[in-house]
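Enquirer: Here it is, the structure, as C-alpha cells.
The values are calculated or read from the model by the stated rules, or taken from the named source; none is laboratory data. This one's a predicted model, so the numbers in the text were calculated from it and none came from an experiment. Heads up, the Cβs are rebuilt from the backbone with ideal geometry, glycines too, and the neighbour counts pull from every protein chain shown.
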Amino acid sequence: MPKGRKISLVLADVDGTLVTEEKILTPRARNAVKALHDRGIRFAITSGRPPRGMAMLLDALEIDSPIAGFNGGLFVHRDLTILSEKTVPVEIASRAIDLIRRHGLDVWVYSGNDWLISRPDAPHVAREAWTVKFGPKLVPDVAEHLESVAKIVGVSDDFERVRGCEADAQAAFGDRVTAARSQPYYLDITNKDANKGQVVEFLSVHYAVPTDEIATIGDQQNDVLMFAKSGFSIAMGNASDEVKAQASAVTDSYRDEGFAKAMENFILNSVGSDAK
C-alpha cells in the first residue's frame, strides 16, 4: 500500500477470504481483526450469505458495524434487525429462474428470512446448511415464492455452466439486476443496487468515511465491484487471475492465512493506516 495512505475501515468478504475452506475463523485471523480494532480501524463484513448465516462471526470478531448480507441486498444491525433491504422485482425473478433452469442449474430462492429449495438432495444444500447454521425450507416450486426475494442462486458443480449462465444473465437483464458468481458453483442474482460496490458506498455514508479510506479484501468476481469503489483492494491468493488483476495487491490463499497476512502486511504495518 502506498506510504501515508490512511485506512479507516476494512471491508472483508467471508467465504474464501475471512474463513478457511473448512469455514473456520483461525486464531490468527481473529487476532488481526482485534489489532485493527486496537488501532481504531473499523471492520465490516459482506457476503452472499444471508445475514443470519454470518451471526457466528459477530461475537468472535466483536463486530458492531452494519452487516451486509446477500451481497448488499440486506443490511442489518448486530441483532439482525433490518437497516435497509433491496429485493428483485417479481417479473425479473421469474425470468431469472427460467434462465437458470435452461442452463441446467439448480435454483434456490431467499425470501425474507427463508431459504427456499425444491430439491433437498441437490448439490451444495447440505454443505450450505452446515455453513450458515440453519436449514432450508422445502417447497414444491421455488418459482411460486417470488415476493420479497432478496437473492436467487443458480447452483452447479459444472463451473462452465455457471460461468455461461452468469454471462447470459448479464446480457439478458443488463443493469436491471446484479448477476455475479459468489463461488465457482454459485451464481447470485440480486437487486440492481445490491452489490458489494454499493456496500462500500453505504458504509462510507454511514460512517462519514471517504471511500479512499476504505480497504476491501475478497476472492471472487462479485468482489471486484467493491475493489473498484474502495481506496485500496486486496485479492486473495486463491482468487482467479482475472480477479487478482483488478486488485491493488494480492495476499496468500485462505489455506495459508491470506486474510491475516493481508491485514498484517498491508494495513497494520503501513504508515498512515491509523484511523483517528
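Enquirer: Mind telling me which of the residues T211, T216, T190, T251 ends up being farther than 29 Å from D168 by Cβ and crowded, with 22+ Cβ neighbours inside 10 Å?
Expert: T251
Enquirer: When both residues are 6+ apart or on different chains and their Cβ atoms are under 7 Å apart, which pairs have a first residue that lies in the range 228-246 and is at negative phi, and a second that is charged (D, E, K, R) and at pLDDT below 95?
Expert: Note: pairs meeting the criteria are G231/R5; F232/R5.
Enquirer: So, in the range 22-61, exactly how many residues are within 23 Å of K196 (Cβ to Cβ) and not in a loop (DSSP other than H, G, I, E, B)?
Expert: Residues in the range 22-61 being within 23 Å of K196 (Cβ to Cβ) and not in a loop (DSSP other than H, G, I, E, B): 20 in total.
Enquirer: Among the residues of the range 1-21, count how many are in contact with a strand residue (DSSP E or B) (Cβ under 9 Å, 6 or more places away or on another chain) and either within 23 Å of H206 (Cα to Cα) or in a helix (DSSP H, G or I) (or both).
Expert: Applying the first criterion (in contact with a strand residue (DSSP E or B) (Cβ under 9 Å, 6 or more places away or on another chain)) to the range 1-21 yields 1-2, 5, 7-18.
Filter again for either within 23 Å of H206 (Cα to Cα) or in a helix (DSSP H, G or I) (or both), leaving 5, 7-18.
Of the residues in that region, 13 qualify.
Enquirer: Okay, next question. Report yes if some residue within the range 129-144 is within 21 Å of the chain's Cα centre (by Cα), in contact (Cβ under 8 Å) with a residue 12 or more places away in the chain and closer than 25 Å to D241 by Cα; otherwise report no.
Expert: no
Enquirer: Any residue that is assigned to a helix (DSSP H, G or I), of a type in the set (S, T, N, Q) and within 15 Å of the chain's Cα centre (by Cα) - is there at least one of those in the range 71-80?
Expert: Yes, some residue in the range 71-80 is assigned to a helix (DSSP H, G or I), of a type in the set (S, T, N, Q) and within 15 Å of the chain's Cα centre (by Cα).
Enquirer: Just the residues that are in contact (Cβ under 8 Å) with a residue 60 or more places away in the chain, closer than 22 Å to D157 by Cα and either surrounded by fewer than 22 Cβ atoms within 10 Å (Cβ to Cβ) or out of contact with any strand residue (DSSP E or B) (no Cβ under 9 Å at 6 or more places or on another chain) (or both), please, taken from the range 100-114.
Expert: H103
Enquirer: Next question. Given (1) at pLDDT below 95; (2) among the β-branched types (V, I, T); (3) farther than 30 Å from L146 by Cα, identify the lone condition not met by I82.
Expert: (3)
Enquirer: Now for a different question. Within the range 158-247, considering only helices (runs of 4 or more DSSP H) that don't extend past its boundaries, which have at least 1 residues that are farther than 19 Å from I67 by Cα and not acidic (D, E)? Give the steps one after another, and end with the answer.
Expert: On the way: elements: 159-173, 196-207, 224-229, 241-244.
Hits in the range 158-247: 159-173, 224-229, 241-244.
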